[in-house]
Amino acid sequence: MKKIKIIIVEDDKDIRELAAAILDAEHDMEVVKTFPNGETFIKAWENIECNVVVMDINMPGKNGIECIALAKPNKPQVQFLISTVFENPQYIFQALCNGATGYMLKNNTSDKLIAAVRDIAAGGSPMNANIARLVVDSFSQKQTHAIHNELLTAREKEILDLLAQGLMYKEIAFRKEIAVETVRKHVYNIYEKLQVDTRTEAINKVYGSHLNSQTST
């Protein structure tokens, strides 16, 4: 049996290693390479053969949508499966326009990840019902405007991503190995640049109002 050759691009080490272990354990799959960021993935892209790329969106430096836009034209036969915490119409629309053919959430079970990889390798477009509805809404409303994060630095985007996941300042500081006061300064800069006053307003302005984990600060 010819195995599905898979690449995983994910900046979270635990998630990256877990996904690789889950997929590589399947009899019809082989994880040929994993990457912690978009830059290393793009540099190695020419010399890698694969069928499916499981791609995170929010990473330091090049995000997943940018990586797909750069990689897909060179190897149009490769299928890109977006894996993210965000159910966001702007992300979905841009990812699909840039060449992604599937979109799934990281909180899905391992069985769903395995099924999504098999589906996309066989020519399908895996996505859950909520995301499929957002895709329809995105196209019908012609939501082609860019994500409002161009004013933020790479570090500020990382902090905002973690805020969107519901993490508190202490948890973000621990995750990023920085001081809590440094996190506060980043959050202050984010609010200033986006001209907002709360976590919820910042998340909505950048990612839309479809996140379930947002809380006010």
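For the range 1-78, applying the loop criterion from DSSP together with a ceiling of 10 other beta carbons within 10 Å to the GluC sites (Glu not before Pro) yields E49. Candidate cross-link partners of K157 among the lysines, defined by an alpha-carbon separation under 20 Å and a same-chain spacing of 8 or more, comprise K13, K62, K106, K170, K176, K185, K193, K205. By other beta-carbon atoms within 10 Å, ranking K106, K13 with the fewest at the front produces K13, K106. Each other residue within a Cβ distance under 11 Å of G99 adds +1 if Lys or Arg and -1 if Asp or Glu, for a net charge of +2.
As an exercise, use a Förster radius of 35 Å and the Cβ-Cβ distance of D28 and E171 to find the FRET efficiency, rounded to the nearest 0.05.
On the way: r = 38 Å, r/R0 = 1.08.
It comes out at approximately 0.40.
With neighbour counts taken as other beta-carbon atoms within 10 Å, the residues D24, D14, D119 rank, fewest first, as D14, D24, D119.
Give me the net charge of I15's neighbourhood, meaning all other residues with Cβ under 12 Å from the Cβ of I15; Lys, Arg count +1, Asp, Glu -1. Please report the intermediate quantities before stating the final value.
Values: positive: K13, R16, K106; negative: E10, D11, D12, D14, E17, D56.
After counting each charged neighbour, the total is -3.
Basic side chains Lys and Arg get +1 at the Cβ, acidic Asp and Glu get -1 at the Cβ, and with that the dipole of the range 1-73 about its Cα centre reaches some 260 debye. The alpha-carbon positions of the range 4-141 define a convex hull whose volume is 96 Å³ per residue.
Taking Lys and Arg as +1 and Asp and Glu as -1, the other residues whose beta-carbon sits under 13 Å from that of R175 total -3.
Placing +1 on the Cβ of every Lys and Arg and -1 on the Cβ of every Asp and Glu, with no other charges, gives the range 4-141 a dipole of roughly 300 debye about its Cα centre. With the largest listed first and rounded to whole Å, the semi-axes of the equivalent ellipsoid of the range 154-207 from the Cα gyration tensor are 17, 11, 9. Extension gain for the segment V180 to E46, taken as residue separation times 0.36 nm less the Cα-Cα distance, is 44.2 nm to one decimal. Toward the positive end of the charge dipole of the range 4-141, with +1 on the Cβ of Lys and Arg and -1 on the Cβ of Asp and Glu, the farthest Cα among L70, C50, L105 is that of L70.
Computed from the coordinates by the stated procedures, all read-outs in this text should not be read as laboratory data. Bear in mind that the values here come from a model prediction, so they are computed numbers and not experimental data. Using ideal geometry, Cβ is built from the backbone for each residue, glycine included, and neighbour counts are taken over all protein chains shown.
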